[in-house]
Amino acid sequence: MIPYGNQNIAQDDIDAVVAVLKSSHLTQGPTVREFEAALCDYTSAKYAQAMCNATAALHAACLALDVTNDDIVWTSPNTFVASANCARYCGAKIDFVDIDSKTGNICINALNEKLKQAKTQKELPKVLIPVHFAGQSCDMEAISQLSKLYGFKVIEDASHALGGKYNNLPVGSGKYSDITVFSFHPVKMITTGEGGAALTNDQFLFEKIKLFANHGIERSGDFPGWYYQQTCLGYNFRMPDINAALGLNQLKKVDHWVFKRNEIARFYKKHLQQLNIEYLDIETSALCSYHLFVIKVHPDCRKAVYEALKDHGIGVQIHYIPVHTQPDIAAELPQVPFLPNVESYYERCISLPIFPHLTIENREYVMTTLAKLKQLKVLY
Ligand SMILES: *Cc1c(COP(=O)(O)O)cnc(C)c1O
């Protein structure tokens, strides 16, 4: 089966991990700090805290922005459940903004309208979590302007978008948001096994993120060496050095991988145009990292196409089941939100295989299989 996404581990990655295994620090050593510095260097963010996964990083980001059970947090319904759960861990209410079905990202018009309404009802969100779906940045300039107008904070869920750009700035630069979160799960742009990071340009927020990721424990130079104080309820969200060593080595390759993924996307698009099959648009403001490559087919044939591709050994996936329809999350919503774009998008989407080392033969096989399904009228 050709997977839809796959990690790329080379001998130099293995060597980097082995070097840490043979060193004195498996965790809380120098490699995590080096990885964080490399993330700052790459994105031009001032501060980075590496953590055990992006879900924890999103949670710590919400805590640092003082999200509590008095608050409302908004996110995209076209995402993984973690983008919503991070707010729920803090006791906050969650709500969803419909997407632009051309990009899969939060729709700025829908956001604008929802904010106007929320203002009159005195139910404005404390935090908005836009998700850079498939690796394409949301319209962060518009989101940043709205955040100033309505007074909410912004956490970018950039789990898909390491290596992407927006307005020629690396995703994670923090120019348009308070905090940016990356995931280093094996299907994402680079991997640390499990892992994530929160980046910010705000020292105060960074100190808080660090505190929540380290048991709420602070050490101060004014006290003897053994002394520490727990000043809030924190967690152990730390990333081990073993994992950071992998991330540090992988990060060197991310630009090349984004290039390879874009090459595959161009190849797919050329063939999909000939086959008259729709795919997601990329705005001119964005360089998409192409974590995912999504096509859109007629809802009546989606299941058959999905199954036929699987039968042909092509490991397609669906991104995503709209989060507001997940039973545990829907049960908490005061009413079922009306989000027509994400619902129609969900009935049509299929993610094709895309990863840097997807062979030319396999790329061609994916396209010839789609052509065959089109000819057989399985796909329409
Ligand atoms: C993968 C992913 C996460 C969670 O990342 P983990 O590192 O697995 O916790 C959160 N949000 C989005 C959009 C993701 O794709």
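Things to note:
- Flag if residue 293 is of a type outside the set (Asp, Glu) and open to solvent by 70 Å² or more (accessible area, probe 1.4 Å): no
- Sole exception among (1) in contact with a Cys (Cβ under 8 Å, 6 or more places away or on another chain); (2) within 12 Å of the ligand (Cβ to nearest atom) for residue 199, by number: (2)
- Failed item in (1) β-branched (Val, Ile, Thr); (2) within 12 Å of the ligand (Cβ to nearest atom); (3) touching a strand residue (DSSP E or B) at 6+ places or on another chain (Cβ under 7 Å), with residue 73 passing the rest: (2)
- Among residues of region 70-90 that are at negative phi, those with a beta-carbon under 7 Å from a residue that is assigned to a loop (DSSP other than H, G, I, E, B) and surrounded by fewer than 20 Cβ atoms within 10 Å (Cβ to Cβ) at least six positions away or on a different chain give the pairs 72/123; 81/326; 90/68.
- Restricted to region 156-167, and to residues there that are more than 8 Å from the ligand (Cβ to nearest atom) and in contact (Cβ under 8 Å) with a residue 60 or more places away in the chain, the residue that is surrounded by the fewest Cβ atoms within 10 Å (Cβ to Cβ) is 167.
- Pairs meeting the criteria (first residue in region 174-194 and in contact (Cβ under 8 Å) with a residue 24 or more places away in the chain, second residue aromatic (Phe, Trp, Tyr) and within 9 Å of the ligand (Cβ to nearest atom), beta carbons under 7 Å, at least 6 apart or on different chains) are 190/184; 191/184; 192/184.
- Qualifying residue in region 128-149 (condition: open to solvent by 60 Å² or more (accessible area, probe 1.4 Å), within 16 Å of the ligand (Cβ to nearest atom) and either of a type in the set (A, V, I, L, M) or at pLDDT 95 or above (or both)): no
- Residue match in region 12-27 (condition: surrounded by 15 or more Cβ atoms within 10 Å (Cβ to Cβ) and within 16 Å of the ligand (Cβ to nearest atom)): no
- Where residue 190 falls short, out of the listed (1) open to solvent by less than 10 Å² (accessible area, probe 1.4 Å); (2) farther than 24 Å from residue 88 by Cα; (3) over 15 Å from the mean Cα position of the chain (by Cα): (3)
The values are calculated or read from the model by the stated rules, or taken from the named source; none is laboratory data. Just so it is clear, the structure is predicted and the values come from calculations on it, not from any experiment. Glycine gets a Cβ as well: all are built from the backbone with ideal geometry, and neighbour counts include every protein chain shown. Ligands, DNA and RNA are excluded from the accessible area calculation, which covers all protein heavy atoms including side chains. Shrake-Rupley method; radii C 1.70, N 1.55, O 1.52, S 1.80 Å.
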